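Below you'll find the structure, written out as structure tokens, and then a few comments.
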Amino acid sequence: MKGSNLITAKQFRPAAGEDMGLTEIMERIGVSFSSPASLAATLPFSLNDTTAGSETELQVAVAGRKQDVDLPDTIERSNYFANVLKRAAAGEAPQRLITDLERFLNSNGENVWENSWVRFPRTHLSPYADKVFRHDLLAVKSNHSSGPRSDTHRFILHNRDEEEQLRLPISYLLKLALADVLGSQDLLPALIRQTGERLMGHFLNDNTSPETFSFHVVPLRPATGMGRGIARETSKRYLLTQLLAMYANESFALRDSGQQAMVYFAPHPPIRQKELNDHIPDAFYRELFMSPCLSGWDRGEEKYRYMQLCHQVLSRSQLNAVAKLREAGIVNNNLVVLPNVSNVSLANNGTHISLGSRKLSQALADPSSGVTPAHEKQLGDLTIKMAEHFLPLFVGTYSAAPYRLAFTDFHPERALGFLPHELDYTHLRMIWRRWKKKARLSVFGRPVTPFGPEWLDSLVSGLFRMKGDFVPDFRLIDYLVCLMSTDRSPALDGTMGSSDRLKKDLADMGVFDGQMSLYLLYKLRDYTTMGFSGFEGRHYSLFENLEEDMGGAADLQVLINALAFKYMATGELSHDHIPDGPSVESERRQIFFGAAIGIPTFYVRKNTANLFLKKILTRTAQVRPSHRYPGYLRVPLQEYRRALVEMLLADGADLIETLNLRGTMDDLMARLEHPDKHSAAGRVTKGILETLNAKSPMDLTARAFNQGAERYYRETLRRQHLMEGLRFLEEDCLQADQKSAGMDERTREALGSVLGGMGAADFLRKVKKDLLEERLPVETLRTLINLVIVTIHHDTARADAITGIEA
């Protein structure tokens, strides 16, 4: 707020009482206060201290005719479909129930069935893959005498000739494909077999979508490019995932039977899945789409029931949000369009980046350090609160989820999603008013939102040319990404058990369930639970380019963590600076959600108790008193973001130098100043529009844009991400062909066995064209998968050596 006297820098002062405690904790962790340079180098998340891992949620689909694909067949053969047919014929149920379902089944012009399962003869499995499958069907995998799961019949069917057919989600198909690759080669080197068996455990089937997590812990060091390391690992994991899908299509004869399994990054639940959800009850939706959790958990059925609980809780929670909208004055009468009792938000897909601090982990592992879980919670909660102020730098900048809303989508009970559970009423009303203004929902200067009947809303939309809106990251609005504290149970007050106390309050209110992990934008990964101490960024949607977007985001996440610990070490940040409570929490989070919607301004109380936010506002230009909201300041989002960058450059200059992040900061400023060209939202939107031959999202209907986005993710972006993974593999192959690459003899022998004396780079060049066109034969796919596994083993060994040396 340059040039303004509304808030002065003098108002920001370190709080008394806690500074010595935080300093002493830092000293016990190993932070040196001997000089500014040594302080910067020895802070947690500073020089050579950070490790990283990621979890990626992926979209799947099966391409094929209705009669060849599992999803439409399962619907038509279901008891639900039969009962609806019978009841409609008897006049006991509206005819539209069966008409809507038949329209879903018969009007799929692209023949793409998102989140369908696949079917194939069991005889296509190698003996080893069949052994893995039988083990995963155990009720308790650690107890071989436990017997099979009670729902085994869902996965093993019989055709007319009494031959066994496997019916499996693609998320599990990927693991089984890897098992089949290992089991179908008699002379496979032990290194490849052992590494492949380890990697199988990294292919999970959680929620609805496949989920993979890092194959190894990645050390983030200036010498190896910092965030590029986790982007590289994620990209190669994606490459292996693609190869396994291609292998399954060929080796399990999916393609021959009219099925093509596809896996790709896509942030939103598919449009057709949303439409189907409107036509079926919630129990049937869970039967069709909730993962059976065959892989990754000792008691798969228990995990499956937990996922059903999550779906039920979120569905109930969205219904409860309508009552909050009424209490907030946003819904002023009883004319509402109730959300479906079945919620599709668990089909949203994002990426989580976890950063660990070796200093914190080592201190917590050493009883003589005196650093306890209570200290970890105190530091961790404060870091989270500070970091949340910086999250608007990430939204749309590094990841995005572009989405078009039609005028008919602007029922507040639909458009605002879970925001009533994430913001207090004041900020909820502010956001809703500004969103309507942004979307130009007015007639003759008076705000207008849909009335309810679809025919009437469509008529009003056409008559007054109200097109709706374009949102840069709708996933963050459509999904429950965090939960607001209650007055008596703040989640981030630095005390042990605060999350459990909040979950109990929320469960009593019907918002959440105590069995579920508390949803937060930025989450402490505590040493006792995880085996390392650090933080998980859960605010990422879709990365257009993993190396540039994910790598840059990881760099910025490291810098913000390190700066938080610097502020705490120097006494510039304590829990008193960011008080706890719903209003203060909501005040900072509204900026994040406003950025996701694309709202250009937000409002902060002049007398806000959040001293850290005041400190940021002293650097923010064009802040003025609000005319509409007395007692508030009107803050431009773009200026706030610039102030955050200025703060990082000024207060974190030594950290930027130590971590070699000057290039990251230049890239961040380019993304903020020229978003159409450099930001993730700008590039993804441009890619979608190019496939649709359009200039602007608002030139298209909401359905046309969103369907075009799904096609772009499934085709164009899937290929781009595949090519990016191949570029990283090409780097590995070129290094492997050099005798000085640092590979041990065992790895070189495995590589030679795989390639039969051919150079790795030559082999990759030979198969690349056919790979990109998805026409490689099974034997070549096996060889390529083996090659990737060897390079992953080498990556893992190299990463372990780095962290081992530094230990």
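Numbers at a glance
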read-out	value
Cross-chain or 6+ apart pairs with Cβ under 8 Å, region 682-698 first and under 24 Å from Y398 (Cβ atoms), then among the β-branched types (V, I, T) and crowded, with 19+ Cβ neighbours inside 10 Å	P697/T685; P697/I688
Residue under evaluation Q738, criteria (1) under 30 Å from P219 (Cβ atoms); (2) at pLDDT 95 or above; (3) outside any helix (DSSP H, G or I), criterion not met	(2)
Failed criterion for L166 (all others in (1) in contact with a Lys or Arg (Cβ under 6 Å, 6 or more places away or on another chain); (2) part of a helix (DSSP H, G or I); (3) within 21 Å of K303 (Cβ to Cβ) hold)	(2)
Which numbered condition A223 fails, given (1) assigned to a helix (DSSP H, G or I); (2) modelled with pLDDT of 95 or more; (3) open to solvent by 20 Å² or more (accessible area, probe 1.4 Å)	(2)
Any hit, region 477-500, residues being over 28 Å from D580 (Cα atoms) and surrounded by 23 or more Cβ atoms within 10 Å (Cβ to Cβ)	no
Matching residues, region 375-408, being hydroxyl-bearing (S, T, Y), over 27 Å from Q362 (Cα atoms) and either part of a helix (DSSP H, G or I) or free of Cβ contacts under 8 Å to residues at least 40 places away in the same chain (or both)	T408
Residues of region 43-75 classified as surrounded by fewer than 22 Cβ atoms within 10 Å (Cβ to Cβ) and farther than 29 Å from Q242 by Cβ, total	2
Complete set of residues in region 695-716 that are open to solvent by 60 Å² or more (accessible area, probe 1.4 Å) and within 20 Å of R440 (Cα to Cα)	K695, D699, T701, R703
Residue check for S517: under 26 Å from P373 (Cα atoms) and either touching a residue at least 12 places away in the same chain (Cβ under 8 Å) or assigned to a helix (DSSP H, G or I) (or both)	no
Count of residues meeting criterion [open to solvent by less than 20 Å² (accessible area, probe 1.4 Å) and either in a loop (DSSP other than H, G, I, E, B) or within 30 Å of T658 (Cβ to Cβ) (or both)] in region 203-220	7
Selected residue (only one of L692, L672, L668, L649 is surrounded by fewer than 22 Cβ atoms within 10 Å (Cβ to Cβ), under 24 Å from the mean Cα position of the chain (by Cα) and modelled with pLDDT of 95 or more)	L672
Hits in region 660-677 (condition: in a helix (DSSP H, G or I) and under 19 Å from Y640 (Cβ atoms))	M665, L668, M669, A670, R671, L672, E673, P675
Top-ranked residue in region 82-122 [being surrounded by 19 or more Cβ atoms within 10 Å (Cβ to Cβ) and either among the aliphatic types (A, V, I, L, M) or free of Cβ contacts under 8 Å to residues at least 24 places away in the same chain (or both); ranked as farthest from I280 (Cα to Cα)]	V118
Number of the exception - M758 against (1) free of Cβ contacts under 8 Å to residues at least 24 places away in the same chain; (2) of a type outside the set (D, E); (3) in a helix (DSSP H, G or I)	(3)
Neighbours by Cβ (under 9 Å, 6+ apart or cross-chain): first from region 229-258, touching a residue at least 60 places away in the same chain (Cβ under 8 Å); second open to solvent by 10 Å² or more (accessible area, probe 1.4 Å) and β-branched (V, I, T)	Y247/V778; E250/V778; S251/V778
Residue match in region 138-155 (condition: without any contact (Cβ under 8 Å) to a residue 24 or more places away in the chain, assigned to a loop (DSSP other than H, G, I, E, B) and in contact with a strand residue (DSSP E or B) (Cβ under 6 Å, 6 or more places away or on another chain))	yes
Some residue of region 150-158 being surrounded by 14 or more Cβ atoms within 10 Å (Cβ to Cβ), within 26 Å of the chain's Cα centre (by Cα) and of a type in the set (F, W, Y)	no
Single residue of R358, R404, R434, R429 found to be under 25 Å from V322 (Cβ atoms) and open to solvent by 20 Å² or more (accessible area, probe 1.4 Å)	R429
The lone exception for F470 - which of (1) among the aromatic types (F, W, Y); (2) open to solvent by 20 Å² or more (accessible area, probe 1.4 Å); (3) in a helix (DSSP H, G or I) it fails	(3)
Number of the exception - V132 against (1) part of a helix (DSSP H, G or I); (2) more than 14 Å from L294 (Cα to Cα); (3) of a type in the set (A, V, I, L, M, F, W, C)	(2)
T608, sole failed condition from (1) open to solvent by 20 Å² or more (accessible area, probe 1.4 Å); (2) assigned to a loop (DSSP other than H, G, I, E, B); (3) closer than 27 Å to D505 by Cα	(1)
Flag if D161 is open to solvent by 20 Å² or more (accessible area, probe 1.4 Å), under 29 Å from L787 (Cα atoms) and assigned to a loop (DSSP other than H, G, I, E, B)	no
Failed criterion for I384 (all others in (1) at pLDDT 95 or above; (2) in contact with an Asp or Glu (Cβ under 9 Å, 6 or more places away or on another chain); (3) surrounded by fewer than 23 Cβ atoms within 10 Å (Cβ to Cβ) hold)	(2)
Selection count, region 616-633, where residues are open to solvent by 10 Å² or more (accessible area, probe 1.4 Å), within 25 Å of L573 (Cα to Cα) and in a strand (DSSP E or B)	1
Residue match in region 686-703 (condition: outside any helix (DSSP H, G or I) and within 30 Å of A37 (Cα to Cα))	no
Candidates M568, M550, M509 - the one that is out of contact with any strand residue (DSSP E or B) (no Cβ under 6 Å at 6 or more places or on another chain), open to solvent by 10 Å² or more (accessible area, probe 1.4 Å) and on the phi < 0 side of the Ramachandran plot	M509
Test set (1) closer than 18 Å to L661 by Cβ; (2) without any contact (Cβ under 8 Å) to a residue 40 or more places away in the chain - V604 fails condition number	(1)
Given (1) closer than 30 Å to N349 by Cβ; (2) modelled with pLDDT under 95; (3) not small (G, A, S), index of the condition T570 fails	(1)
Contacts under 7 angstrom Cβ, first residue in region 776-805 being hydroxyl-bearing (S, T, Y), partner modelled with pLDDT under 95, 6 or more apart	T783/V754; T791/D732
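The values are calculated or read from the model by the stated rules, or taken from the named source; none is laboratory data. Source: prediction; values computed, not measured. Quick reminder, even Gly has a Cβ in these numbers, built from the backbone with ideal geometry, and neighbours come from all protein chains shown. The area values use the complete protein model at the heavy-atom level, side chains included, leaving out ligands, DNA and RNA. Shrake-Rupley method; radii C 1.70, N 1.55, O 1.52, S 1.80 Å.
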